Amino acid sequence: MNGVHDLGGMQGFGPIEPEANEPVFHADWEGAVLAMNIAAMTQRLYNVDEFRHGVERMGAARYLATSYYEHWLASIETLLVEKGVVSRAELEARTAAFFADPDLPLPRRSDPALVARMREAIRKGAAASSEERPSARFRPGDRVVTRNMHPPGHTRLPRYARGRRGAIERVHGVFTVPDSHAHGRGRQPQPLYSVAFESRELWGAAAAPRERVYLDLWEPYLEPDGGSGDGRQA
Amino acid sequence: MGGKHNGPAEPRVALRVRALESLLIEKGLLSTEVVDEVVRVYENDIGPMNGAKVVARAWVDPEYKRRLLADGTAAVGELGFGGRGGGDRLVVVENTPAVHNLVVCTLCSCYPWPVLGLPPTWYKMPAYRSRAVLEPRKVLSEFGLEVPESVEIRVWDSSAEIRYMVLPERPRGTERLGEAELAALVTRDAMIGVARVGALV
């Protein structure tokens with residue numbers, strides 16, 4: 001979707017403001033959000049592509065007005081309700097209860113097996129690559145043009161790189177396509193490429209020389225360059 | 001968890017989190033010790049000190065550096081690093097006198113967790129994500145890093161489950177240092193590509 005999360009090339013956000021000696025977490029609740037998200041994905045309540053799309057769906061104004069872990073919380077709440085893990089009514093009632101009495105205790109529950117599973121999940125991670133090896137259409141050095149597409153759902157082809165000409169840098173292998181995996185249509189693995197774009201192709205003649213952007217793009221995002229294609233914008 | 005910042009004026013977001021936590025605990029999907037363990041791991045075990053060890057090893061061991069650039073996932077695995085938040089694969093890109101690399105995720109905030117830990121706030125904010133691909137040289141200069149026009153800048157926008165880490169140039173004057181001393185020089189920002197590793201003062 002052409003959401004506000006797709007920030008590449010936008011202007012007006014001002015200077016970058018690094019924080020000296022930044023702590024890993026700025027408040028306890030941030031760590032709790034991180035842990036809930038890892039726990040939910042480890043227990044397969046939703047997948048990472050659904051999670052990212054949940055953030056994208058939180059609303060543009062709210063996205064810009066809230067912090068990273070608030071984005072995460074919004075997506076976790078959305079997905080747990082949509083998946084039926086919690087109901088909207090019980091979430092609202094429980095939230096109201098904590099607003100009314102911030103000192104309400106958390107329930108006590110010991111679960112060493114889940115702790116062990118989480119440690120293992122953090123140690124091993126989750127695979128997105130596939131053993132399947134459909135033959136890759138492109139090879140390093142091939143000229144490609146990205147599709148000019150504007151799907152209403154999740155995609156990982158940023159707006160700034162649509163309808164642009166680039167060159168295949170390398171073939172990464174075969175990976176889950178987020179566009180389908182975020183919408184319950186399975187992994188549908190496809191070849192994934194590193195594609196190099198000259199800054200002038202992305203930003204026009206005024207762009208600085210000797211700058212290149214590399215994106216990791218799935219085969220369905222790409223067309224061979226030189227054909228009539230649907231890609232190139234007028 | 002302890003009350004690190006959760007003072008009397010606890011923000012509403014903190015209470016929303018506690019509400020959701022309490023429901024997930026009741027449903028058998030979470031426990032407070034799970035939260036404590038995740039926080040402990042990311043505060044203590046996983047952070048840029050991991051990536052710094054990788055960089056220092058690559059600086060002193062040319063054969064390791066070759067393996068690191070050929071297959072980052074396997075090479076950092078040799079040092080015991082890998083796993084969650086690493087996407088599926090780590091690609092290490094080398095800075096040279098002719099090429100400077102910079103890592104960003106314009107669509108969300110993908111970052112090589114196993115070697116750098118959780119990303120700093122500026123990496124996740126719109127200013128960096130919007131500008132790193134559009135005007136990288138200007139962004140770098142705001143970080144205090146002037147990259148001459150003769151040097152090519154490569155920006156790696158992490159749009160899939162591939163994660164990127166920069167192998168910075170080894171500073172001059174460090175020839176006599178051992179691996180641990182070298183690792184102490186390597187900063188998170190140098191491995192994102194917004195800084196160089198400084199020479200010894």
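Using alpha carbons only, how many degrees (0 to 90, rounded to 10) separate the axis of helix A:68-82 from the longest principal axis of chain A?
80
Is any residue of region B:163-201 close enough, with backbone N under 19 Å, to a label point placed 7 angstrom from the Cα of B:GLU142 along the Cα-Cβ axis, and if so, which?
Within reach of a label on B:GLU142, which here means backbone N under 19 Å from a point 7 Å along Cα→Cβ, region B:163-201 contributes B:189-196.
Just add up the charged neighbours of B:TRP122: K/R +1, D/E -1, any other residue whose Cβ is under 14 Å from the Cβ of B:TRP122. Present the calculation step by step, with values, prior to reporting the outcome.
On the way: positive: B:LYS124, B:ARG129, B:ARG131, B:ARG188; negative: A:GLU17, A:GLU19, A:GLU22, B:GLU142, B:ASP189.
That works out to -1.
Straight-line reach from A:LYS83: which aspartates and glutamates have a Cα under 15 Å away, not including same-chain ones fewer than 8 places off?
Leaving aside aspartates and glutamates fewer than 8 places away in the same chain, those within reach of A:LYS83 are A:ASP49, A:GLU50.
Among residues other than B:LEU167 whose Cβ falls under 9 Å from its Cβ, what is the net charge (Lys/Arg +1, Asp/Glu -1)? Provide the component values of the computation, followed by the final result.
Working: positive: B:LYS65; negative: B:GLU94, B:GLU169.
Once positives and negatives cancel, what remains is -1.
Say we join alpha carbon atoms closer than 10 Å with springs in a Gaussian network model of chain A; which of A:PRO15, A:PRO134, A:PRO102 then has the biggest fluctuation?
A:PRO15
Nearest 10 degrees is fine. How inclined is helix A:112-124 to the longest principal axis of chain A, computing both from alpha carbons?
20
Expressed as a rounded percentage, what relative contact order does chain A have, with Cα pairs under 8 Å and six or more residues apart? Mind dumping the intermediate values first?
Details: 303 pairs, mean separation 44.4, N = 234.
Worked out over chain A, it gives 19 percent.
For the pair B:ALA184 and A:ARG62, what calculated FRET efficiency results from E = 1/(1 + (r/R0)^6), where r is the Cβ-Cβ distance and R0 = 45 Å, to the nearest 0.05? Mind dumping the intermediate values first?
Details: r = 42 Å, r/R0 = 0.93.
It comes to 0.60.
Just going by the charge dipole of chain B, with Lys and Arg at +1 and Asp and Glu at -1 on Cβ, which of B:GLY72, B:THR106, B:ALA195 is farthest out on the positive end?
The residue sitting most towards the positive pole is B:THR106.
Would you mind giving the mean number of other chain beta-carbons within 10 Å of the Cβ of each residue in A:9-21, as a whole number? Each step should come with its number before you reach the end.
Working: counts 8, 8, 4, 3, 7, 5, 6, 14, 6, 10, 3, 0, 0.
Mean shielding count: 6.
Could you give the longest part of chain B that holds none of the trypsin sites (Lys or Arg not before Pro) found in DSSP loops with at most 15 neighbouring Cβ atoms within 10 Å? Write out the running numbers ahead of the final one.
Details: sites that count: B:LYS4, B:LYS27, B:ARG172, B:ARG176.
Longest stretch, sites excluded: B:28-171.
Suppose every K and R has +1 on its Cβ and every D and E has -1 on its Cβ; what is the size of the dipole of region A:143-224 about the Cα centre, in Debye to the nearest 20? Don't skip to the end; give the middle numbers.
On the way: 13 positive and 8 negative charges, 20 e Å.
Taking the Cα centre of region A:143-224 as origin, the dipole is about 100 debye.
Per residue of chain B, what 222 nm ellipticity follows from adding -39500 (n - 2.57) for every DSSP H run with n ≥ 4, rounded to the nearest 500? Don't skip to the end; give the middle numbers.
Details: 11 runs with 86 residues, N = 201.
That comes out to -11500 deg cm²/dmol.
What angle, in degrees between 0 and 90 and rounded to the nearest 10, separates the Cα long axis of helix B:48-60 from the longest principal axis of the Cα atoms of chain B?
The helix B:48-60 is inclined about 20 degrees to chain B.
Charges at C-beta only: +1 for Lys and Arg, -1 for Asp and Glu. How large is the resulting dipole of the protein assembly as shown about its Cα centre, in Debye rounded to 20?
Numbers: 55 positive and 57 negative charges, 155 e Å.
My answer is approximately 740 debye.
Along the positive direction of the dipole of the protein assembly as shown (beta-carbon charges: Lys, Arg +1; Asp, Glu -1; about the Cα centre), which of A:HIS172, A:ALA100, A:GLY84 reaches farthest?
A:HIS172
Among A:PHE51, A:LEU114, A:ALA74, whose Cα lies farthest out toward the positive end of the dipole of region A:28-124, if unit charges sit on the beta carbon of Lys, Arg (+1) and Asp, Glu (-1)?
Farthest towards the positive pole: A:LEU114.
Could you size up the charge dipole of region A:28-124 around its Cα centre, putting +1 on the beta carbon of Lys and Arg and -1 on that of Asp and Glu, and report it in debye to the nearest 20? Could you put the intermediate results ahead of the total?
On the way: 13 positive and 14 negative charges, 91 e Å.
The calculated dipole for region A:28-124 is roughly 440 debye.
What Cys residues in chain B are without a partner cysteine, judged by a Cβ distance under 4.7 Å?
Here B:CYS108 come out as lacking a disulfide-compatible partner, given the Cβ-Cβ threshold of under 4.7 Å.
Using a Gaussian network model of chain A whose springs link C-alpha atoms within less than 10 Å, name the residue from A:ASP142, A:ASP216, A:ASP103 with the highest mean-square fluctuation.
Between A:ASP142, A:ASP216, A:ASP103, it is A:ASP103 that shows the largest mean-square fluctuation.
Can you compute the equivalent ellipsoid semi-axes for region A:155-232, i.e. the square root of 5 times each eigenvalue of the Cα gyration tensor, sorted largest first and rounded to whole Å?
On the way: eigenvalues 122, 33, 30 Å².
Those come to 25, 13, 12 Å.
Where does chain A land at 222 nm, in deg cm²/dmol rounded to the nearest 500, when only DSSP H runs of n ≥ 4 count, each adding -39500 (n - 2.57), divided by all residues? Walk me through the numbers on the way to the answer.
Details: 8 runs with 80 residues, N = 234.
Result for chain A: -10000 deg cm²/dmol, rounded to the nearest 500.
Of all GluC sites (Glu not before Pro) in region B:100-201, which ones are in loop regions per DSSP and have a Cβ with at most 14 other Cβ atoms within 10 Å?
Values: sites: B:GLU142, B:GLU146, B:GLU149, B:GLU152, B:GLU161, B:GLU169, B:GLU175, B:GLU179, B:GLU181; in loops: B:GLU146, B:GLU149, B:GLU161, B:GLU169, B:GLU175.
Those that pass, being in a loop and sparsely packed, are B:GLU146, B:GLU149, B:GLU175.
Separation of region A:79-149 and region B:134-201 by C-alpha centroid, Å?
Between the Cα centre of region A:79-149 and that of region B:134-201, the gap is 31 Å.
Using the Cβ atoms and a cut-off under 12 Å, what net charge is assigned to the surroundings of A:TYR160, where Lys and Arg are +1 and Asp and Glu are -1?
On the way: positive: A:ARG159, A:ARG162, A:ARG164, B:ARG129, B:ARG131; negative: A:ASP6, A:GLU201, B:ASP157.
Residues close to A:TYR160 contribute a combined charge of +2.
Label region A:1-140 by shape, choosing from rounded, prolate and oblate, from the square roots a ≥ b ≥ c of the eigenvalues of the Cα gyration tensor; if a/c is under 1.5 it is rounded, and otherwise prolate applies when a/b is larger than b/c, oblate when it is not. Mind dumping the intermediate values first?
On the way: a/c = 1.62, a/b = 1.19, b/c = 1.36.
Because a/c hits 1.5 or more and a/b fails to exceed b/c, region A:1-140 counts as oblate.
Under 10 Å, Cα contacts only: if you run a Gaussian network model on chain A, which one of A:ARG210, A:ARG133, A:ARG165 comes out with the highest mean-square fluctuation?
A:ARG210
We did not get these values from a lab; they are worked out from the coordinates using the rules stated. Everything quoted here is computed from the prediction, not taken from an experiment. So basically every Cβ, Gly included, is an ideal-geometry build from the backbone, and we count neighbours across all protein chains shown.
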